[in-house]
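Data block below; observations after.
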Amino acid sequence: MAIIKVSNLKKSYGELEVLKKISFEVNKNDVVAVIGPSGSGKSTMLRSLIHLEEINGGSINVSDEYLVKDGIYSKPQEIKHITSKMGMVFQHFNLFPHLTVKENLEIAPKMVKNETKEIIQKRSSEILQKVGLSDRATAYPANLSGGQKQRVAIARALMMNPEILLFDEPTSALDPELTGEVLQVMKDLAEEHMTMIVVTHEMGFAKEVANKAIFMDDGEIIESGHPDELFINPQFDRTKAFLSKSL
Ligand code: ADP
Ligand code: MG
């Protein structure tokens, strides 16, 4: 069952065509790894899904509702409803530096105001436990390691009970010894059947955890398939060239 359907997505910055007729589907419980060289449009594609970028053509459908259909965006209220189903984790964490870990988790749910403080606090302690950071609840981001910061960012995204999580190179800003703890949290989420789209250079993670891989180059999806197929038997020279440098 497709939870996200993207068709003929187009995006330009002035003359520069960054996404050229991108189409793909994500099923419920899929873990999709998006790979490709720098500048190929991976971030722009991901950000479009959650309406951090406006596209110039094509459609994005999430759980049978259109965020944008044939280049025409839905009404603001509908857009808000659709994007609330998704959470996003960024390369550079984007935590609020002046708030503690716990406050970072609780601020967005509190602003929505349809839950009591007690319910929100109970959830934040459960989620902090899940990402292994119960003992850091009152710390400020500046006093955390990169791996801890990224686990807070994941916890914060989980606080909104998303149906889909989007990750944009979640381990690229981390020292190599800290990537494992973040990948482990993501792996745990995959095992709990969270639907995830992960832009990543971590080929090991993609092979082990993803059930679908999408290779992008120059604003296009060159090929996609099960990681076992795509990584072992790529059909296109551009995929082969990229994989030979990355695996
Ligand atoms: P990737 O995430 O695969 O590295 P991006 O989606 O960040 O690729 O970028 C794709 C292309 O769009 C690049 O050529 C980049 O320079 C360009 N680009 C991204 N954001 C902007 C922007 N705000 N203005 C102009 N060009 C941009
Ligand atoms: Mg990027």
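The values are calculated or read from the model by the stated rules, or taken from the named source; none is laboratory data. A quick note: this is a predicted structure, and the numbers were derived from the prediction, not measured. Quick reminder, even Gly has a Cβ in these numbers, built from the backbone with ideal geometry, and neighbours come from all protein chains shown. Heavy atoms of the whole protein, side chains included, go into the accessibility calculation; ligands, DNA and RNA do not. Shrake-Rupley method; radii C 1.70, N 1.55, O 1.52, S 1.80 Å.
For a paramagnetic label modelled on residue 172 (point 7 Å from Cα along Cα→Cβ), amide N atoms under 19 Å away belong, within the stretch 189-225, to 196-207, 210, 213-223.
What the Cβ-Cβ distance of residue 112 and residue 237 gives, at R0 = 51 Å and to the nearest 0.05, is a FRET efficiency of 0.60.
For the chain, the longest principal axis of the alpha carbon atoms and the long axis of helix 146-158 meet at an angle near 90°.
The antiparallel fraction among DSSP beta bridges confined to the chain stands at about 60%. Taking 0.36 nm per residue of sequence separation and removing the Cα-Cα distance, the residue 94/residue 20 pair yields an extension gain of 23.8 nm. For the chain, averaging the sequence separation of C-alpha pairs within contact (under 8 Å, six or more residues apart) and dividing by the residue count gives a relative contact order of 26 percent. Put a plus charge on the Cβ of each Lys and Arg, a minus charge on the Cβ of each Asp and Glu, and nothing anywhere else: the dipole of the chain about its Cα centre is then about 600 debye. Assuming a ≥ b ≥ c are the square roots of the Cα gyration tensor eigenvalues, decide whether the chain counts as rounded (a/c under 1.5), prolate (otherwise, with a/b larger than b/c) or oblate. Oblate is the answer for the chain, as a/c is 1.5 or above yet b/c matches or exceeds a/b. The mean accessible area for residues of the stretch 1-70, using a 1.4 Å probe and ignoring ligands and nucleic acids, is 45 Å² per residue. Answer rounded, prolate or oblate for the stretch 162-246, using the Cα gyration tensor with square roots of eigenvalues a ≥ b ≥ c: rounded when a/c is under 1.5, else prolate when a/b is larger than b/c, else oblate. It comes out prolate by the Cα gyration axes. Rolling a 1.4 angstrom probe over the chain with all protein chains present gives an accessible area of which 49% lies on carbon and sulfur atoms. To the nearest 10 degrees, how steep is helix 101-112 against the longest Cα principal axis of the chain, on a 0 to 90 scale? Helix 101-112 and the main axis of the chain meet at about 80 degrees. Could you state the angle between the C-alpha long axis of helix 176-191 and the longest principal axis of the C-alpha atoms of the chain, as a value from 0 to 90 degrees rounded to the nearest 10? Once rounded, the angle reads 90 degrees. Surface exposure of the stretch 88-162, expressed per residue as accessible area with a 1.4 Å probe, stands at 52 Å².
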